[in-house]
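A quick write-up on the structure given underneath.
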Amino acid sequence: MRLFLFQVVLCFLSVFGVFCSPSKKRSDCLEDQGSSTPSFSLGTIVYLLILLSTGIDVVAQSKYGLKATTYDEYVQSVKVNPDKELINLEKFVPGLVLDIRYATADNFTGEKIYNLSRAYARKPVAIALKKIQADLNSQGLGIKIFDGYRPYKATVKFYEVYRDTTYVASPYRGSRHNRGCALDLTVIDLKTGQELRMPTGFDSFKKEAWPSTPVSDPEVRKNRTLLINAMEKHGFKVNSSEWWHYDFIGWQKFEVLDIDYEELEKK
Ligand SMILES: [Zn+2]
């Protein structure tokens, strides 16, 4: 951003340079604006355009130095590798229940972050989730999703609200949610629709949320183990400080995206 401001200042100086010959005083300049038009050289215009375009590029990049993939770049990447497609999980996985907390104010930021209540993930992640749902359904259970693919701008917001990277992703690297390769979820009883009892609620910042923290209640312990095993059987790994967060193994092959759900759906 500092570089951008510097470039803006340069642009202004250049504009004045266009109207003012260096040998004239500032006061002369203002009076002479009309007659100084001929000094508007092609080189000056090109110089201004270059400055402006590089300034815009700096703004497009995150202030944390990460350039997230845009919608057009994403479309190109899917043409090259169809696995990169973001899949609407609600449509793809039968009976999937959504409780997208960031589409409400009921989350740790206290603000509504998404305009739409959606869960998306890259194609191999969606296929794995479908298998997990089938496994759980055979036991009278199902999945409830709290969050899937998350636009990069939301990760920046989370970090600026809560700067502890034990619980929120660093905006310098982005989140695995930004890559469409992480899911926040829990298990529900299909008969009642109720969530199985777990050590904490979603997005708890307590140590009880860590999968390694011992649990004294045998039912809660069993539920947590059931979820972790169901996910790990199909290629996910539980996060070390959140029992509800699962990374898809191989997430490194997928870029950080900054595409809103509205943008994904309008085209
Ligand atoms: Zn998560």
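For Lys112 and Leu226 in the same chain, what is the full-extension length gain: residue separation times 0.36 nm, less their Cα-Cα distance, in nm?
37.9 nm
Starting from the range 79-145, pick out the chymotrypsin sites (Phe, Trp or Tyr not before Pro) whose DSSP state is loop and whose Cβ has at most 14 other Cβ atoms within 10 Å.
When the chymotrypsin sites (Phe, Trp or Tyr not before Pro) of the range 79-145 are filtered for loop state and at most 14 Cβ neighbours within 10 Å, nothing remains.
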* Please state the charge dipole magnitude for the range 71-266, taken about the Cα centre, from unit charges on C-beta atoms (+1 on K and R, -1 on D and E), reported in debye and rounded to the nearest 20. => 480
* Could you list, in their original order, any pairs among Lys84/Lys112; Lys153/Lys253; Lys144/Lys207; Lys206/Lys266; Lys84/Lys144 whose Cα atoms are separated by more than 29 Å? => Lys206/Lys266
* To do: Net charge near Lys207: determine it from the other residues with C-beta under 13 Å of the C-beta of Lys207, scoring Lys and Arg +1 and Asp and Glu -1.
  => -2
* Coil-residue GluC sites (Glu not before Pro) of the range 71-136, DSSP, other Cβ within 10 Å capped at 15 -> Glu111
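Considering only the other residues whose Cβ falls under 15 Å of the Cβ of Val161, what net charge follows from Lys and Arg at +1 and Asp and Glu at -1?
+1
Read-outs throughout are calculated quantities, based only on the coordinates presented, and are distinct from any laboratory measurement. Just so it is clear, the model here is predicted, and its values are computed rather than measured. Reconstructed Cβ throughout: ideal geometry from the backbone, glycine too, with neighbour counts over all protein chains shown.
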